[in-house]
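Student: The structure under discussion is supplied below as structure tokens; questions concerning it will follow.
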Amino acid sequence: MADLFVALPPVTEYNAVIFGKNSNRPASEIQDVIYCPAKDYTAGEKVKCTYVEIDQVTRTHAVILSKPSWMWGAEMGANDQGVAVGNAPVWTKLNGPNDLELKLLGTDIVRLSLERASTAREALEVITQLLASPGQGGPCTNEAGKDGWCFHNSFLMADGTEAWLLETAGTFWVAEKITEGVRNCSNELSIRTKMDLTSPGLVEEAKKLGLYSEDMGDFDFKATFCAQSQIANFPDNNTSFRYRHGKEVMDKIISTGKFRYQDMFKILRDEEGGICMMDGGFITAGSQVSVLLPKSSSSSNVHWFTGTPNPATSIYKPFFFGPGASIGNVTVSPTCEDGAEPKERGHALYQGHKKLCKLMDTQEEKGHCILAQLMELEKNCCEDVDEIIVNYDESSFPKLKQIFQHMATMEINFYV
């Protein structure tokens, strides 16, 4: 489950492209934030994804990823080329038992696209090649009793110039180019007739499947492939409340001023509209906001991650790519070499945040006091980052290369 958002010039502060995602996952999962430096490979090497091996490329970009600790792939992330990518589960008329065949998870595809692409458009090309072969499929959780949970995927990718929304139904896909304003997507198909790119022969293939005929009017991707269960559950123009609410909030923000990355923080913390999930079997396990500037900019992109569940009780911590960048290990869950379950599930930041959540339940006043102090820490950090964006030069970076780790460690100290 997920909600993704993007805002582009001319409605944004700094003329940036601002990307945001909430990763809503089974409540038992823990989400790590990891950093992988760029790396060279020799011809013929393979990369082991969650379930399958595929050919490796000769060089992968440096990436920062927010990922369920048990899988290879990532829910969302960014690379040192200024690209951010995230996925969202979707259900279509083509879902079936074959979706459990072990192929690439949507999360694997997110990570591969970030490791291999230098622009949002290149990320789209990487993804569509992977959809063709080996394709998407496999159980999407390792939670006991949920091994039949699988789906198709939507992908939102952005750089400092543009964004692309790619939606899939099995091997079929359609893409919408976004060059200005705001766009969001949730766990449903949302591209209708505005199709800038499609999989080969899409309309003819839909006809062969009996899903479309010309007497139905213009080809509409959502109407053609959307799962019947979603059509029944979404009576208002076949869209969910969460999707409509997200769109309304973004439209309201840009009607009164420039869209700021702090606005994206606020959207991802929206519990009333269901964007921030903390009840039931699924929770918001991690959140990301990326500020992407054109390659011609003299400033630096900045990527914010919570690394903890529930952005309403978490703080965003910034990361900058550059020589010697590091995030440490406070957001990396422990593992055992023999594959056994570690004594402590979850990384140090997760364990600390869990203490805060318990405190807010048992000693509400004390818990909310700590949360208020954390939010003040985030506010002060945002003010510093705003100054960095405006006045950035390469001499600034030595102070920034471990800022994520520094902020995460400060956060942990509040929980001791």
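Values in this text are rule-based calculations from the coordinates and carry no lab data. Because the structure is predicted, anything quoted here is derived from the model rather than measured. Glycine also receives a Cβ, built like all others from the backbone with ideal geometry; neighbour counts cover every protein chain displayed.
Student: Using only Cα atoms, tell me the angle between helix 348-362 and the longest principal axis of the chain; keep it within 0 to 90° and round to the nearest 10.
Tutor: 80 degrees
Student: Within a 10 angstrom radius of the beta carbon, how do Ile54, Ile275 rank from fewest other beta carbons to most? Walk me through the numbers on the way to the answer.
Tutor: Details: Ile54 16, Ile275 26.
Fewest to most other Cβ atoms nearby, the residues stand as Ile54, Ile275.
Student: Moving on. List residues of the stretch 1-41, by number, whose backbone nitrogen lies under 16 Å from a label position 7 Å along Cα→C-beta of Ser297.
Tutor: What the label zone holds, given the 16 Å backbone N cut-off, is 6-20.
Student: Which whole-angstrom value gives the distance between the alpha carbon centres of the stretch 1-29 and the stretch 43-57?
Tutor: Centre-to-centre distance over Cα atoms comes out at 29 Å.
Student: Compute a Gaussian network model of the chain, connecting alpha carbons closer than 10 Å, and tell me which residue from Ser23, Ser190, Ser395 fluctuates the most.
Tutor: Most flexible of the set in this elastic network: Ser395.
Student: Then there is this: For Val302, list long-range residues whose amide hydrogen, built 1.01 Å from N in the peptide plane, is under 5 Å from its own amide hydrogen.
Tutor: Val291
Student: Helix 403-415 sits at what angle to the longest principal axis of the chain, using alpha carbons and giving 0 to 90 degrees rounded to 10?
Tutor: So the helix axis and the longest Cα principal axis differ by about 70 degrees.
Student: Under a point spin-label approximation (7 Å from Cα along Cα-to-Cβ), what is the Arg345-Asn413 distance to one decimal in nm?
Tutor: 3.1 nm
Student: Using a 7 Å offset from Cα along Cα-Cβ at Glu53, what residues in the stretch 103-139 end up with backbone N under 19 Å from the label point?
Tutor: 103-105, 108-109, 112, 133-135
Student: Next up: Run the simple label-point estimate for Asn380 and Met360 please: 7 Å along Cα→C-beta, distance reported in nm.
Tutor: 2.1 nm
Student: Can you give me the relative contact order of the chain as a percent, contacts being Cα pairs under 8 Å and 6 or more apart?
Tutor: On the way: 880 pairs, mean separation 74.1, N = 416.
Normalised by residue count, the contact order of the chain is 18 percent.
Student: Related question: What spacing in nm lies between the two simple spin-label points modelled at Glu214 and Glu272, each 7 Å away from Cα in the Cβ direction?
Tutor: 4.9 nm
Student: DSSP loop GluC sites (Glu not before Pro) in the stretch 203-273 with at most 10 other Cβ atoms within 10 Å of their Cβ, which ones?
Tutor: Numbers: sites: Glu204, Glu205, Glu214, Glu248, Glu271, Glu272; in loops: Glu271, Glu272.
In loop regions of the stretch 203-273 (DSSP not H, G, I, E or B), the sparsely surrounded GluC sites (Glu not before Pro) are Glu272.
Student: How long is the chain along each principal axis, judged by its Cα atoms, biggest number first, in Å?
Tutor: Projected onto its principal axes, the Cα set of the chain covers 63, 54, 50 Å.
Student: Sort Arg269, Arg59 so the one with the fewest other Cβ atoms within 10 Å of its own Cβ comes first.
Tutor: Working: Arg269 19, Arg59 11.
With the fewest neighbours first, Arg269, Arg59 line up as Arg59, Arg269.
Student: Next question. Per-residue HN-Hα couplings for the stretch 256-272, Karplus 6.51 cos²θ - 1.76 cosθ + 1.60 at θ = phi - 60°, whole Hz, x for Gly and Pro?
Tutor: Values, residue by residue: 10, x, 6, 7, 10, 5, 5, 5, 5, 3, 5, 4, 5, 8, 6, 7, 4 Hz.
Student: Same structure again: For the chain, modelled as a Gaussian network with Cα springs under 10 Å, which listed residue fluctuates most, Leu197, Leu292, Leu104?
Tutor: Result: Leu197 has the largest fluctuation of those listed.
Student: A further question on this structure: Quick one: work out the % antiparallel among DSSP beta bridges in the chain, nearest 5. Please report the intermediate quantities before stating the final value.
Tutor: Details: 68 of 70 bridges.
Approximately 95 percent, going by the DSSP bridge assignments.
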